[in-house]
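The values are calculated or read from the model by the stated rules, or taken from the named source; none is laboratory data. Everything quoted here is computed from the prediction, not taken from an experiment. Here the Cβ positions follow ideal geometry from the backbone for every residue, glycine too, while neighbour counts run over all protein chains shown.
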Amino acid sequence: MFETINKHVFKELNILRVFIEEASREFNVREVARLIKIAPATASKELKKFANLGILTSRKERRHDFYKANSENELFKDLRSFYHARKIKPAPFLEAPAKRIEFTVAEAIKEKKSDTKEWALTGVTGFDDLLDKGFPRGTSSLLCGGPGTGKTIMGLQICNYAANKGEKCLYMTFEESPERLKKHMKDFGFNVEELEKKGLLVLQKVNPFDITRQVTAMLERAKGELLIDIKPLIFPKGFTPDRVIIDSLTAISSAFYGKEENYRIYIEQLFNLLEESNVTSFLVSERTYGLNRLTTAGVEEFLADGVIILYNVQRGTVRESAIEILKIRGAKFEKKVVAMKITDQGIVVYPEQEVFGQVGGG
Ligand SMILES: Nc1ncnc2c1ncn2[C@@H]1O[C@H](COP(=O)(O)OP(=O)(O)O)[C@@H](O)[C@H]1O
Ligand SMILES: [Mg+2]
């Protein structure tokens with residue numbers, strides 16, 4: 001695994017080293033090709049790619065392309081540090097930074113198309129390729145699926161990605177303990193502790209019955225007024241998140257058993273609050289879907305801006321995972337059911353691998 005990643009980074013560094021070593025100098029394509037001993041056509045293609053990413057600046061003069069380091073570019077700075085670190089420290093040091101840079105290069109291509117102020121990506125490998133620009137900021141999407149389909153893992157992955165991008169993330173867990181989730185994240189190689197220390201990630205355990213009690217009390221005090229302020233029940237004091245994961249709505253709804261009207265009011269207020277606060281949220285909903293989706297929609301599905309469904313489908317004797325975006329209000333996306341896999345690094349989605357079926361889900 002790391003070998004291929006390193007190879008990938010080294011290929012890029014091999015070309016970029018020319019620009020790193022002499023950051024103030026301009027080179028034309030032929031010069032670069034000669035210096036690093038590759039074909040001019042290959043050099044031209046690679047240099048264009050770097051220029052598109054903003055790593056290099058380019059200029060045309062009399063049919064010749066000239067390239068120069070873009071020393072202000074974050075990606076260039078990252079690659080430069082990595083290059084220098086690599087020159088000083090050999091092997092074992094490599095793994096982590098190499099992985100990070102590979103991640104950055106792949107992401108940069110996607111993010112160039114997308115204004116991250118207005119659009120939020122998930123960072124789930126392959127999943128973002130189904131999106132045109134991302135989820136509009138401030139929208140709430142459901143992560144639906146039966147037990148064990150990967151909803152929690154996907155939620156953690158989204159937090160890890162967003163927090164590493166500097167967004168403040170809140171993961172509200174109603175079932176699993178924060179310790180267990182942390183262990184999960186560490187197993188996937190996520191830097192949980194660092195993110196917590198930086199104040200970018202809060203894993204918060206909530207007892208769903210506390211919510212029921214408080215909402216019921218609020219509604220009694222409000223005497224039929226439906227506009228209750230649930231903000232203190234959601235955001236920890238002094239922490240206004242950019243992204244929220246709620247795991248799960250099902251746990252909250254179960255706690256409201258027998259008080260369905262209160263649940264409906266709570267959910268409406270929750271969606272309002274998230275929208276007003278411009279929080280991009282993903283709310284887990286535990287429901288089993290078949291690929292023919294016979295389940296009737298709940299109140300959440302009508303209120304949510306987006307719906308993502310995770311499937312566990314049986315084909316003969318084998319179980320396979322699949323994922324589908326059902327809707328995202330105000331955004332374009334690919335409407336198809338595609339294969340996914342839970343791996344040691346989290347969920348990986350295969351956007352080109354469509355799953356068709358009349359098969360029942362699990
Ligand atoms: N490293 C891993 N490799 C493969 N599968 C894994 C790994 N870690 C967890 N899983 C699988 O992920 C599933 C649990 O995912 P989870 O997100 O907790 O499901 P959900 O929240 O939808 O109930 C289990 O089926 C488990 O077997
Ligand atoms: Mg779960």
Problem set entry | Members of segment 277-321 found to be at pLDDT 90 or above and more than 12 Å from Ser140 (Cβ to Cβ), listed by number | Glu286, Ile309, Leu310, Tyr311, Asn312, Glu320, Ser321
Problem set entry | Which listed residue, of Glu220, Glu175, Glu167, is within 13 Å of ligand 2 (Cβ to nearest atom) and acidic (Asp, Glu) | Glu175
Problem set entry | Test: Tyr161 is of a type in the set (Ser, Thr, Tyr), more than 16 Å from ligand 2 (Cβ to nearest atom) and under 15 Å from the mean Cα position of the chain (by Cα) | yes
For this session: Could you list all residues from segment 139-155 that are more than 9 Å from ligand 2 (Cβ to nearest atom) and in a helix (DSSP H, G or I)?
Result: Met154
Exercise. Residues in segment 65-84: is at least one at pLDDT 85 or above, of a type outside the set (Ser, Thr, Tyr) and farther than 30 Å from Asn164 by Cβ?
Worked result: yes
Seminar exercise, completed: Here, strands (runs of 3 or more DSSP E) confined to segment 156-261 with at least 2 residues that are touching a residue at least 60 places away in the same chain (Cβ under 8 Å) are 169-173, 243-247
Exercise. Does Ala331 meet the test of being part of a loop (DSSP other than H, G, I, E, B), in the same structural domain as Ile234 (by TED's automatic domain parsing) and either buried (at least 16 other Cβ atoms within 10 Å of the Cβ) or at pLDDT below 95 (or both)?
Worked result: yes
